Amino acid sequence: MREKKILIVSFSYIQSDPRVRRQIDFFKNEYSITVLGFGELCLEKINMLSVQNRSGKIVYLMQLLKAFCY
């Protein structure tokens, strides 16, 4: 059986957004989690794709999402 995966996308700085941490806590036991957003996240077994450039962030994130999904 294939491993279940989930991508959490945050348009805010991850360190200062408790919603992202709650989502990770909710899904961490059943999914392989990748987080895409601004800043850094140091959690065991969590893949982090950090976006450092805030200018044009929505276009840049959409390009990353397309690359991740296909």
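The values are calculated or read from the model by the stated rules, or taken from the named source; none is laboratory data. All of these numbers come straight from a predicted model, not from anything done at the bench. Here the Cβ is made from the backbone with ideal geometry for all residues, glycine too, and neighbour counts use every protein chain on show. Protein only, heavy atoms only, side chains kept; ligands, DNA and RNA dropped before computing areas. Shrake-Rupley method; radii C 1.70, N 1.55, O 1.52, S 1.80 Å.
If you stretched the chain out fully between SER50 and LEU7, how much longer would it get, using 0.36 nm times the residue separation minus the C-alpha to C-alpha distance? Each step should come with its number before you reach the end.
Values: separation 43, 0.36 × 43 = 15.48 nm, distance 1.28 nm.
Gain on stretching SER50 to LEU7: 14.2 nm.
For GLU3, what is the net charge nearby, where nearby means another residue's Cβ is under 14 Å from its Cβ and Lys, Arg count +1, Asp, Glu -1?
Numbers: positive: ARG2, LYS4, LYS5, LYS28, LYS45; negative: GLU30.
Neighbour charge sum, excluding GLU3 itself: +4.
At a Cα cut-off below 12 Å, give the aspartates and glutamates reachable from LYS5, other chains included and same-chain residues fewer than 8 away excluded.
Excluding near neighbours in sequence, the set is GLU30.
How much accessible area per residue does region 8-55 have, in Å², with a 1.4 Å probe?
On the way: 3180 Å² over 48 residues.
Normalised by residue count, the accessible surface of region 8-55 is 66 Å².
5 Å is the cut-off here: which amide hydrogens, built 1.01 Å from N in the peptide plane, fall below it relative to VAL51, excluding neighbours closer than 5 in sequence?
For VAL51, whose amide H was placed from the backbone, the distant partners under 5 Å are GLY37, PHE38, GLY39.
Can you run phi through the Karplus equation (6.51, -1.76, 1.60; θ = phi - 60°) for region 5-15 and list ³J(HN,Hα) in whole Hz, with x for Gly and Pro?
10, 9, 10, 9, 10, 10, 8, 10, 6, 4, 4
Show me the ranking of peptides 41-49, 6-14, 19-27 by mean Cβ neighbours inside 10 Å, starting with the highest. Don't skip to the answer; put the middle values down first.
Numbers: 41-49: 12.1, 6-14: 15.8, 19-27: 13.9.
With the highest mean Cβ count within 10 Å placed first, the list reads 6-14, 19-27, 41-49.
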